[in-house]
Amino acid sequence: MRVPVSFVGLRVSVVDNVSFDAILAALKAAAEETRLRILYLLARGEFSVSDLTDILGQSQPRISRHLRLLCEAGLVERRREGAWAFFRLAGGGGLPAPLRALVDALPQDDALLARDLERLAQVREERARAAGAWFARIAPEWDQLRSLHAPEAAVEQAIRDLVGPAPVRALLDLGAGTGRMLQLLAPQAQRLVGVDASPAMLQVARANLERAGVTRAELRQGDINALDVERGAFDLVVVHQVLHFLDDPGRALREAASALAPGGRLLAVDFATHEHEFLRTGHQHRRLGFDDAQMAAWFTAAGLEPRQSVRLPTDGPDAAKAGCAGSGGDGLTVVLWLARDPRVITDWSPDGQNSGVA
Ligand SMILES: C[S@@+](CC[C@H](N)C(=O)[O-])C[C@H]1O[C@@H](n2cnc3c(N)ncnc32)[C@H](O)[C@@H]1O
């Protein structure tokens, strides 16, 4: 593998509070082809062992051993989630500065790394295709499934309470599905945009919104990991029961944050952490819920201020079996997490016009 000349300059990087020994250990741990490739991939998101096995084309024991060494050197963090474990760069990407610079400086046009990125895109595409087929199959029944098994009314009331009664200028619903969130918030939103990857879901959403008399919603097919909407334009972005389907929810939250106008709010609604492995095998879930610390870390990494979280009580066991939105028994709990874009809107601007950003 070709090492970029710019690495020579790394000796001048002074590292805050990292000892010589720690840097040496970090460099030693990274100084192996597969481990450097793993660091390169983890700089692009969180991955499970099986993701890395698929991308790097190596056996699970080998990948696990490399990951263990990287974890022991403090470069990578492991988070257990049911039967899976997810790996990410330690401390929110906070590798010792020389190593971070090295990983960032690795040449994208290197044949091996380019192939890893290509394979990463393929793996993501295969997963998206499988999820898309599943959503196409369940689209006609989604509303029925949800209303049968979830305390929908309680979740929706909690959303209304958290959002509050003030008018919303522009609402963006990510993973809009059958359009329920757009319908719920339509009375107070001037502009409504829904994005979803599944044409089948969007087709049901169109019919639902038309039936509900919501005629001004713009529905767009798209990937919420790579949003094709105006940046900085929405004062409320909602991601309702979508994040657990994603490989890398933090990435989608960064995209969501980039769509927020100054002072705008992001509302993520999903399950609290749980142990229902069957939701992975039978319902395309990738993540078994989230905890407050994880969500706060993603919000912060996206440049947002975590504001509030609201937990909703569980009920009957059928909900967990159904794997539907809302909350259910067997420990499935719904949580609403609210964050805010910290930029302040003022009514003063130097050119004398209203509305500046402080
Ligand atoms: C469980 S449904 C929830 C729909 C809606 N938010 C609701 O609560 O009724 C999840 C939705 O997320 C969409 N989705 C999953 N991954 C996506 C992605 N990467 N980009 C856009 N939409 C996605 C699916 O197509 C599906 O419609």
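The values are calculated or read from the model by the stated rules, or taken from the named source; none is laboratory data. Treat the numbers as computed from the prediction; the structure is a model and nothing was measured. Cβ coordinates were reconstructed from backbone atoms using ideal geometry, including for glycine residues, and neighbour counts include every protein chain displayed. We work out accessible area using only protein heavy atoms, side chains counted, and drop any ligands, DNA or RNA first. Shrake-Rupley method; radii C 1.70, N 1.55, O 1.52, S 1.80 Å.
Structure notes:
- Gyration tensor (alpha-carbon) shape descriptor, region 137-340, a/c threshold 1.5: rounded
- Between GLU72 and ARG129, the distance separating the two model label sites (each 7 Å from Cα on the Cα→Cβ line) works out to 3.9 nm.
- When the surface is traced with a 1.4 Å probe over the full set of protein chains, GLU230 keeps roughly 70 Å² accessible.
- Per-peptide average of other Cβ atoms within 10 Å, ordering 196-203, 292-299 highest first: 196-203, 292-299
- Note on HIS66: accessible area approximately 0 square angstrom, rounded to 10, probe 1.4 Å, nucleic acids and ligands left out.
- Charge context of ARG160, other residues only, Cβ under 15 angstrom, K/R +1, D/E -1: -2
- Summed over the residues of region 232-306 and divided among them, the accessible surface reaches 27 Å² per residue at a probe radius of 1.4 Å.
- Cα→Cβ-extended label distance, 7 Å offset, between ARG115 and THR215, nm: 5.8
- Heavy atoms of SER64 accessible to a 1.4 Å probe, total area in Å² rounded to 10: 50
- Cα gyration tensor, region 16-106 - rounded (a/c under 1.5), prolate or oblate: prolate
- For region 16-106, the fraction of 1.4 Å probe accessible surface lying on carbon and sulfur atoms is 52 percent.
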